[in-house]
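Chemist: This structure is in structure tokens; I'll ask about it shortly.
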Amino acid sequence: MSSLFHILFRRLRSPLFVLVVIYAISILGFVIIPGVDDQGQPWKMSFFHAFYFVSFMATTIGFGEIPYAFTDTQRFWALITMYATVVAWLYCIGMLLSIFQDAVFRQQMRINSFRRRVGNIREPFYIVCGYGDTGTQLTRSLTNEHILTVVIDIDENRITELEGDDFKSPVFALCADASQSEFLEMAGVKHPWCQGMVTLANDDTVNLTVAIVAQLLNPDLRLIARAETPEAEANILSFGANEVINPFETFASRLALAIRSPSLYCLYDWMTGISHQVMKEPPVLAQGLWIISGFGRFGESLYEHLDDEDVDLRVIESDRTKRDLPAGTVMGRATEAATLRKAGIKEAVGIIGGTNIDADNLSILMTAQEENPDIFRVARQNEDKNAHLFEAANLDMVMQRGSVISNTIFALIKTPLLGDFLRIVSRFKNERSNELVSSIIGVVEQDIPDLWEITVCAEETPALYQILKQRPLLVSDVLCGNEMTEDGSYKRTLKTLPLFLRRGEGNVLLPEENRFIKEGDRYLMCGSIKARDNMMLCLNNINMLEYILTGEDKPSGWVLRKLWEYRKGVGATSVDDSFKDSDADEELIKAEDVTEKPERAKDVKSPSDEDKPTSNAPSDTGTNKDE
Amino acid sequence: MNSEKVIFAFFIVLALTLNFGFFLGGMDNASHHNIFELYAALVVSMIATILKVGDRTHLGAVFLATSLVADLQLIAAAIVWGYTEHVTEASLNGETLSIVVSLSGGALLANIISVVLLVSETITVRR
């Protein structure tokens with residue numbers, strides 16, 4: 001704010017100076033020049049009258065010759081000063097207007113208002129650096145979830161574009177260089193409500209710089225960066241608790257996963273996809289010869305990942321000067337049928353159009369289909385604007401760089417536990433992942449599935465926290481098995497599944513139903529959107545939760561509650577007793593936890609060894625409860 | 001030589017001298033206090049303020065503060081003078097004149113502080 005005033009006043013210094021001097025001379029002139037009053041007696045204007053006259057003359061208001069008609073000498077002086085003062089005023093006003101139109105001043109004003117708005121944020125928010133294709137998609141997904149977003153981009157056109165877009169929750173944007181610490185700080189890197197930062201610049205060096213600066217400013221900040229080369233990825237990962245998304249690497253590993261374990265691929269695709277869509281059937285990818293056309297960064301990571309899965313691979317590359325090509329590479333343009341035939345298109349089961357030109361990729365895949373109609377076609381889409389073309393081509397799989405990154409990042413933002421969960425699950429054997437997928441489908445059924453996180457603490461789940469202070473609860477009491485139906489009647493159904501639990505440093509995959517819930521636990525939950533809304537309602541409303549746990553609809557008001565307790569015969573003494581009981585229970589939990597610990601450790605190390613009852617179908621809990 | 005500093009020094013010293021000239025004399029003796037001198041002191045003091053407006057240095061801000069104080073005191077003095085002469089229709093008696101003079105005395109003190117600051121700043125510049 002202060003610098004705004006400084007710019008303003010420094011520029012106004014000379015006009016103000018001119019104004020004061022001209023006023024001073026004009027007033028002095030009127031005081032000195034003799035005049036006559038209405039009786040024709042000699043009269044001299046006082047400073048008061050002179051100042052009054054000059055004031056209304058200079059501002060072109062012009063009340064007339066006050067208090068007495070002027071002599072010709074006075075009129076002569078008035079003639080001179082009226083032009084001088086009006087010019088001085090015009091100079092002042094003109095300068096003021098030009099300052100407000102000045103680019104530096106306007107940028108300063110924008111920065112000030114941006115800083116003020118970010119400073120006033122009192123809810124969790126994310127910073128997105130770079131508003132390209134990926135940034136736009138990510139911002140849209142975040143605002144759709146009503147997460148406040150702060151955007152920085154160096155390109156003014158993109159910021160103008162953003163200001164024209166409609167978002168469901170506010171987006172604060174600043175046109176500035178994010179790699180400068182000053183602007184990052186302004187965007188709220190050190191803000192107590194800042195949940196994390198996502199850097200999505202096209203240039204790896206920019207992402208690296210932003211990551212380093214952000215890390216130095218706030219070492220605890222959660223940072224998700226985009227990197228397109230393995231070197232940059234390793235570099236960013238080398239400091240702080242960061243996540244790096246390499247679009248090529250992500251897609252290549254996903255494709256390899258689709259070949260190895262279709263159900264896991266499905267799980268990944270769904271969990272990191274845009275929410276509000278029904279789980280898709282896994283694609284059927286045959287084992288056999290795969291052709292990769294284009295051996296750039298994308299082709300290389302694909303080759304690496306598919307080679308690990310022991311897939312037969314053949315590479316087509318048009319650049320003859322390229323080094324380190326794998327053995328058996330066919331040199332030539334993949335858009336030509338002859339080259340494709342040379343690469344063995346007739347026997348191949350799949351082809352990947354992976355060059356960095358969209359038109360080439362489409363052409364390759366269309367030619368390939370003519371040669372071999374049954375071939376599985378995977379395309380790399382480089383630019384967002386070509387989405388319609390790729391849609392029209394009806395391909396089996398399309399890798400959109402922007403959405404691969406933005407969807408993955410969005411999933412990581414929404415459910416931070418997801419990253420760890422997926423890392424553990426990716427080591428699953430096929431049978432176990434099938435089991436997991438089927439249990440998720442069992443929970444979700446035909447509904448739209450959703451993922452969410454629950455933290456057991458006073459801020460996020462006050463009702464659960466409050467009850468937990470009084471008595472111990474099992475996972476099956478709240479997190480699965482119970483749900484409030486719409487009409488408010490008491491009903492037990494299982495529409496949710498706790499996927500993952502983080503307690504302190506330990507991780508538990510698919511926490512058992514008979515595990516005690518503890519303060520500070522973080523659960524990754526899965527279920528339908530409706531189930532999620534109902535669960536969040538219960539965890540926030542103590543009356544609702546009590547009702548679900550006990551089936552008794554307690555009054556919420558103090559007087560009525562006391563009456564109710566009295567009617568139930570719960571006296572003061574018995575309340576004390578129940579407190580004692582819960583104390584004893586807590587001891588019990590502690591003891592139990594000690595015995596549990598080794599089991600949990602084992603759980604993390606080798607999730608596939610243990611045969612946990614993952615298929616905790618709704619009926620199971622129901623019967624258990626009835627007993 | 002910094003011409004901006006010299007110009008400022010000229011105005012701030014002129015403001016002090018004019019103000020001193022006005023202040024000098026009997027507190028309630030109208031013949032000792034000339035209205036033109038008060039007018040000149042006020043205008044020069046305002047110019048000195050404008051010269052320091054928008055200065056980002058600490059000393060510049062202090063200069064701005066002290067000359068603003070002088071301005072306010074002198075404007076108050078001028079208002080008192082103008083009000084008694086024109087609104088109450090009474091000629092300037094010793095009582096009101098002593099108010100005007102004591103207000104200008106306050107402005108004089110502020111001007112003196114400005115000049116002291118100016119002198120100390122000038123001494124620290126060893127060029």
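Every number in this text was worked out from the coordinates using simple rules, so none of it is lab data. Not measured: the values here are computed from a predicted model. Cβ atoms come from the backbone with ideal geometry, glycine included; neighbour counts cover every protein chain shown.
Chemist: With the crude spin-label approximation of a point 7 Å out along Cα→Cβ, what separation in nm comes out for A:Tyr566 versus B:Ser102?
Modeler: Label-label distance for A:Tyr566 and B:Ser102, simple model: 7.3 nm.
Chemist: While we're on this one: Report, in debye and to the nearest 20, how large the dipole of chain B comes out about its Cα centre when Lys and Arg carry +1 and Asp and Glu carry -1 on their Cβ.
Modeler: The dipole of chain B has a size of about 720 debye.
Chemist: On a full-extension model of 0.36 nm per residue, what is the gain between A:Met331 and A:Met366, subtracting their alpha-carbon distance, rounded to one decimal in nm?
Modeler: 10.7 nm
Chemist: Mark the label point 7 Å from the Cα of B:Leu92 along Cα→Cβ and return the residues of the range A:36-50 whose backbone N is within less than 18 Å of it.
Modeler: Within reach of a label on B:Leu92: A:44-50.
Chemist: Let me ask something else about it. Taking the Cα centre of the range A:383-478 as origin and charging only Cβ (+1 Lys, Arg; -1 Asp, Glu), how large is the dipole, in debye to the nearest 20?
Modeler: 400
Chemist: Based on alpha-carbon positions alone, could you give the equivalent ellipsoid semi-axes of the protein assembly as shown from the gyration tensor, as √(5λ), descending, whole Å?
Modeler: 76, 40, 23
Chemist: In peptide A:15-28, what is the residue-averaged number of other protein chain Cβ atoms found within 10 Å of each Cβ?
Modeler: Taking the mean over all residues of the peptide, I get 3.
Chemist: Taking just the C-alpha trace of the range A:1-75, give me its Rg and Dmax in Å.
Modeler: Radius of gyration, then largest Cα-Cα span, for the range A:1-75: 16.7, 57 Å.
Chemist: Exposure proxy check: A:Tyr523, A:Tyr68 ranked by fewest other beta carbons within 10 Å?
Modeler: Starting with the residue having the fewest Cβ neighbours, the order is A:Tyr68, A:Tyr523.
Chemist: Determine ³J(HN,Hα), in whole Hz, for all residues of the range A:115-123 in sequence, where each value follows from phi through the Karplus function 6.51 cos²θ - 1.76 cosθ + 1.60 and θ = phi - 60°; x replaces Gly and Pro.
Modeler: 3J(HN,Hα) across the range A:115-123, in whole Hz: 5, 5, 5, 5, x, 8, 5, 10, 8.
Chemist: Now a separate question. Nearest 10 degrees is fine. How inclined is helix B:58-86 to the longest principal axis of chain B, computing both from alpha carbons?
Modeler: Between the helix axis and the principal axis of chain B, the angle is about 10 degrees.
Chemist: Between A:Ile224 and residues 5 or more places away or on another chain, which pairs have amide H atoms under 5 Å apart, with H built 1.01 Å from N, and which residues are they?
Modeler: Amide H neighbours of A:Ile224: A:Met197, A:Val198, A:Thr199, A:Glu243.
Chemist: What average count of beta carbons from other chains do you get within 10 Å of the Cβ of residues in B:60-72?
Modeler: 0
Chemist: Arrange A:Phe63, A:Phe114 by Cβ neighbour counts within 10 Å, fewest through most, would you?
Modeler: Going from sparsest to densest Cβ surroundings: A:Phe63, A:Phe114.
Chemist: Per-residue mean of other chain beta-carbon atoms within 10 angstrom of the beta-carbon, peptide B:46-56?
Modeler: So the per-residue partner count for this stretch is 5.
Chemist: Determine the shape class of the range B:1-90: with a ≥ b ≥ c the square roots of the Cα gyration tensor eigenvalues, call it rounded for a/c under 1.5, and otherwise prolate if a/b is greater than b/c, oblate otherwise.
Modeler: Prolate, since a/c reaches 1.5 and a/b exceeds b/c.
Chemist: Can you say what percent of the DSSP beta bridges in the protein assembly as shown, counting only those with both residues inside, are antiparallel? Round to 5.
Modeler: Bridges in the protein assembly as shown are about 35 percent antiparallel.
Chemist: Using the count of nearby Cβ atoms within 10 Å as a rough guide to exposure, how do B:Ser102, B:Ser3, A:Ser263 rank from fewest to most?
Modeler: Fewest-to-most Cβ neighbours within 10 Å comes out as B:Ser3, B:Ser102, A:Ser263.
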